[in-house]
Amino acid sequence: MNRYETIYIIKPTVDEEGIKALVEKFKGIMEANGEIETIDEWGKRKLAYLIDDIGEGYYVYTKYKADTAVPKELDRVFGITEDILRNMTIRLD
């Protein structure tokens, strides 16, 4: 298994229950074929630049160990989830 870190930004219009649901959804994908080391919810922060005329977002950072298929599946699900502004996954050495 490889170690990865993923950060994703949720739109600020999503309510608390929606944020919890999204975090649990992505946590489930990571735990399906791996194990989570940390999940840090950084909360709402100002974006460095506007994305689709949105100036802030709810940041979530995760570090986990997983098979190589997990980041691909996460990227696919991030892409079809409307409430995600941006995401990035990096493989750690």
Task: Gain in span if fully extended, residue 27 to residue 77, counting 0.36 nm per residue against the direct Cα distance - done: 16.8 nm
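Using a Förster radius of 25 Å, what is the FRET efficiency between residue 90 and residue 20 based on their Cβ-Cβ separation? Nearest 0.05, please.
Computed FRET efficiency for residue 90 and residue 20 comes out at 0.50.
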Task: Out-of-range pairs (alpha-carbon distance over 20 Å; input 20/65; 25/46; 11/72; 27/65; 11/44) - done: 20/65; 25/46; 11/72
TODO: Could you state the angle between the C-alpha long axis of helix 69-80 and the longest principal axis of the C-alpha atoms of the chain, as a value from 0 to 90 degrees rounded to the nearest 10?
DONE: 20 degrees
Open item on the list: Using a 7 Å offset from the Cα along the Cα-to-Cβ direction at both residue 36 and residue 67, what is the distance between the two label points in nm, to one decimal?
Closed with: 2.0 nm
- [ ] Select from 44, 65, 20 the residue whose mean-square fluctuation is largest in a Gaussian network model of the chain (Cα-Cα springs shorter than 10 Å).
- [x] 20
Task: Local electrostatic count, residue 31, Cβ distance below 14 Å [Lys/Arg +1, Asp/Glu -1] - done: -1
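Where a number appears in this text, it was derived from the coordinates with a stated rule and is not lab data. Only a predicted model underlies this, so the values are computations on that prediction, with no experimental measurement involved. For neighbour counting, all protein chains shown are included, and Cβ atoms are generated from backbone atoms with ideal geometry for every residue, glycine included.
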